[in-house]
Amino acid sequence: MKEQLVCGEKKIHKNLLEEIDRKIPDEEKLYDVAELFKVFGDSTRIRILTVLLEAEVCVCDLSEYLKMTVSAVSHQLKILKQSKLIKSRRDGKSVFYSLSDEHVRSIISQGIEHVEE
């Protein structure tokens, strides 16, 4: 027998809904969160973020490690940078990339941990 996912009776719990409404971010912030998770929805970008979890690297090193063209890696880096997931640092003629902060490190680490369970 299938479990029904509906209420047995129509009863609205207004106090609960008001409390939830006070805690949930506004629609614009929720949209931004959804857009952020779309960026995480690409396996190439996840591969890049996983490398950056381990070390700060330049585009050439990333393209070599991932067996991709510099152009393809650069395109993905642009998306990650626009999403504020990575940052860059210039050293002479080279640009090195790293995760932007501990939040990104935590998201990637927890994602890996979740799928390994």
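Before moving on, here are some points about what is shown:
- For segment 95-109, the tally of residues that are farther than 20 Å from V70 by Cβ and without any contact (Cβ under 8 Å) to a residue 60 or more places away in the chain stands at 9.
- Scope segment 83-117; condition more than 14 Å from I48 (Cα to Cα), part of a helix (DSSP H, G or I) and of a type in the set (S, T, N, Q); matching residues: S106, Q110
- Residue ID - nearest to the chain's Cα centre (by Cα), chosen from residues in segment 105-117 that are open to solvent by less than 70 Å² (accessible area, probe 1.4 Å) and farther than 21 Å from S63 by Cα: I107
- Matching option when the condition is touching a helix residue (DSSP H, G or I) at 6+ places or on another chain (Cβ under 9 Å), aliphatic (A, V, I, L, M), modelled with pLDDT of 95 or more and more than 22 Å from K38 (Cα to Cα), among V104, V59: V59
- Tally of residues being more than 18 Å from the chain's Cα centre (by Cα) and either within 11 Å of R45 (Cα to Cα) or of a type in the set (G, A, S) (or both) across segment 74-97: 2
- Filtering segment 78-104 to residues that are open to solvent by 70 Å² or more (accessible area, probe 1.4 Å) and of a type outside the set (S, T, N, Q) leaves K78, K81, K84, K87, R89, R90, D91, K93, E102, H103.
- Looking only at segment 43-73, and only at residues there that are open to solvent by 50 Å² or more (accessible area, probe 1.4 Å) and among the small types (G, A, S), the one that is nearest to the chain's Cα centre (by Cα): S43
The values are calculated or read from the model by the stated rules, or taken from the named source; none is laboratory data. Being a predicted model, the structure only gives us computed values, none of them experimental. Cβ: placed from backbone, ideal geometry, glycine included. Neighbour counts: every protein chain shown. Just so you know, the surface numbers come from the protein's heavy atoms only, side chains and all, with ligands and any DNA or RNA stripped out. Shrake-Rupley method; radii C 1.70, N 1.55, O 1.52, S 1.80 Å.
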